[in-house]
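For reference, the structure discussed in these notes is given below.
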Amino acid sequence: MVKKGSVSVDYKSKYPVVMGILNVTDDSFFSSSRCQSAAELLKKVDLFINNGVSILDVGACSTRPGAAFVSEKEEMERLLPALEVLRNHYPDSIISVDTFRGNVARKVVEEFDVDIINDVFSFDKDEAMLDVVASLNKTYVLMHSEAINVGKDDFMKEIFRFFVKKIKILEDCGVKDIIIDPGYGFGKTMEQNFQLLSHQSELLQLGYPILAGLSRKRMVWQSLNVKVEEALNGTTVLNTIALQQGAHILRVHDVKEAMEAVKLWSLCKNNH
């Protein structure tokens, strides 16, 4: 659970929560998610909050496949003003920062009391990240992004081994609040993405909440032969499957539609 002021988020409650994506970049794969001014950022957050978002996930360095990483300096220059705006206008909001850099993680926690560090490279890209996370006492999103070249029968076993190994390292360092992200679209073939989704519930055995990031991913729009801008309906379908497969958090570009999926799924589940 994360709590700030009067706001709290319980990942393991019966009602899954929604994390809204805020990209303060100019190269996110989905252009409508980009916020390049304070006015755009505030407008987007107001919409998210009105639609029921629980967590705001801010990213200043695109990690989409094929993207060129901006420098640490540029990431800071994009990120810090955005966080200042968010904290000034929404002081009690639960904020996650999408970064793989330890120095950035420390800075945003110390200056803006960021609640969650969302690291797509699971402390492999920056050796400092593990030490930083261990000292911050904040929630850490551990994502799988490694390519796995094994047969179909061994694929989920490899995913599970990865998380067991990484969780042990984190726990040994004193990190207790961990969220598992299966890493849809990262280092996986199209077939592997769908296999992972259909077996996602197996990761519940790890004992930590699961975050599903399927929003407008290639596995949606390429499978349906549509554009990214036309992938909302497909995203909602996969988000619903992710909920059926035990997801506690949906990370999305479209909060209203995700919240509707959560509400309808929860009504079905609670009346089963």
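Looking only at residues in the range 43-57 that are assigned to a helix (DSSP H, G or I) and not charged (D, E, K, R), which one is farthest from Val97 (Cα to Cα)?
Let us first name the residues in the range 43-57 that are assigned to a helix (DSSP H, G or I), namely 43-50.
Those left that are additionally not charged (D, E, K, R): 45, 47-50.
Details: Val45: 15, Leu47: 19, Phe48: 16, Ile49: 17, Asn50: 21 Å.
The selected residue is Asn50.
Does the range 220-231 hold any residues that are buried (at least 17 other Cβ atoms within 10 Å of the Cβ) and either modelled with pLDDT of 95 or more or in a loop (DSSP other than H, G, I, E, B) (or both), and which are they?
Our first condition is that a residue be buried (at least 17 other Cβ atoms within 10 Å of the Cβ); within the range 220-231, this holds for 220-221, 228, 231.
Those that are buried (at least 17 other Cβ atoms within 10 Å of the Cβ) and either modelled with pLDDT of 95 or more or in a loop (DSSP other than H, G, I, E, B) (or both): Val220, Trp221, Ala231.
Contact map, the range 157-184: residues that are over 22 Å from Lys217 (Cα atoms) and without any contact (Cβ under 8 Å) to a residue 24 or more places away in the chain paired with residues that are hydrophobic (A, V, I, L, M, F, W, C) and in a helix (DSSP H, G or I), Cβ distance under 9 Å, separation 6+ or inter-chain. Pairs shown: Lys176/Leu170.
The set of residues in the range 232-272 being part of a helix (DSSP H, G or I), of a type in the set (Lys, Arg) and either closer than 28 Å to Ile117 by Cβ or touching a strand residue (DSSP E or B) at 6+ places or on another chain (Cβ under 7 Å) (or both) consists of Lys256 alone.
For (1) touching a residue at least 60 places away in the same chain (Cβ under 8 Å); (2) buried (at least 21 other Cβ atoms within 10 Å of the Cβ); (3) touching a Gly at 6+ places or on another chain (Cβ under 6 Å); (4) part of a helix (DSSP H, G or I), each residue gets a yes or a no:
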{"position": "Val70", "(1), (2), (3), (4)": "no, no, no, no"}
{"position": "Glu75", "(1), (2), (3), (4)": "no, yes, no, yes"}
{"position": "Leu80", "(1), (2), (3), (4)": "no, no, no, yes"}
{"position": "Glu84", "(1), (2), (3), (4)": "no, no, no, yes"}
{"position": "Ile95", "(1), (2), (3), (4)": "no, yes, no, no"}
{"position": "Phe100", "(1), (2), (3), (4)": "no, yes, no, no"}
{"position": "Asn103", "(1), (2), (3), (4)": "no, no, no, yes"}
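Candidates Lys107, Lys43: the one that is at pLDDT 95 or above and basic (Lys, Arg) is Lys107.
Restricting to the range 105-139, name every residue that is assigned to a helix (DSSP H, G or I), in contact with a strand residue (DSSP E or B) (Cβ under 9 Å, 6 or more places away or on another chain) and over 23 Å from Pro182 (Cα atoms). Those that are assigned to a helix (DSSP H, G or I), in contact with a strand residue (DSSP E or B) (Cβ under 9 Å, 6 or more places away or on another chain) and over 23 Å from Pro182 (Cα atoms): Val108, Val109, Phe112, Leu136. Among the residues examined, Val220 qualifies as of a type in the set (Val, Ile, Thr) and free of Cβ contacts under 8 Å to residues at least 24 places away in the same chain.
Has the range 216-226 got at least one residue that is within 23 Å of Met1 (Cα to Cα) and in contact with a Gly (Cβ under 8 Å, 6 or more places away or on another chain)?
Filtering the range 216-226 for residues within 23 Å of Met1 (Cα to Cα) gives none.
The answer is no, given that none of the residues of the range 216-226 is within 23 Å of Met1 (Cα to Cα) and in contact with a Gly (Cβ under 8 Å, 6 or more places away or on another chain).
None of Ser201, Ser215 is of a type in the set (Ser, Thr, Tyr), at pLDDT 95 or above, at negative phi and crowded, with 20+ Cβ neighbours inside 10 Å except Ser215.
Residues are listed down the side, and each one gets a yes or a no for (1) buried (at least 20 other Cβ atoms within 10 Å of the Cβ); (2) in contact with a Leu (Cβ under 7 Å, 6 or more places away or on another chain); (3) under 28 Å from Asn23 (Cβ atoms); (4) at pLDDT 95 or above:
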| residue | (1), (2), (3), (4) |
| --- | --- |
| Asp126 | no, no, yes, no |
| Ser145 | yes, no, yes, no |
| Gly151 | no, no, no, no |
| Gly187 | no, no, yes, no |
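Looking across the range 44-59, the residues that are in contact (Cβ under 8 Å) with a residue 40 or more places away in the chain and either of a type in the set (S, T, N, Q) or buried (at least 19 other Cβ atoms within 10 Å of the Cβ) (or both) come down to Val45, Phe48, Asn51, Val53, Ser54, Ile55, Leu56, Asp57, Val58, Gly59.
The values are calculated or read from the model by the stated rules, or taken from the named source; none is laboratory data. Owing to the predicted nature of the structure, the values given are computational and were not obtained by experimental measurement. Every residue, glycine among them, receives a Cβ derived from its backbone with ideal geometry; neighbour counts consider all protein chains shown.
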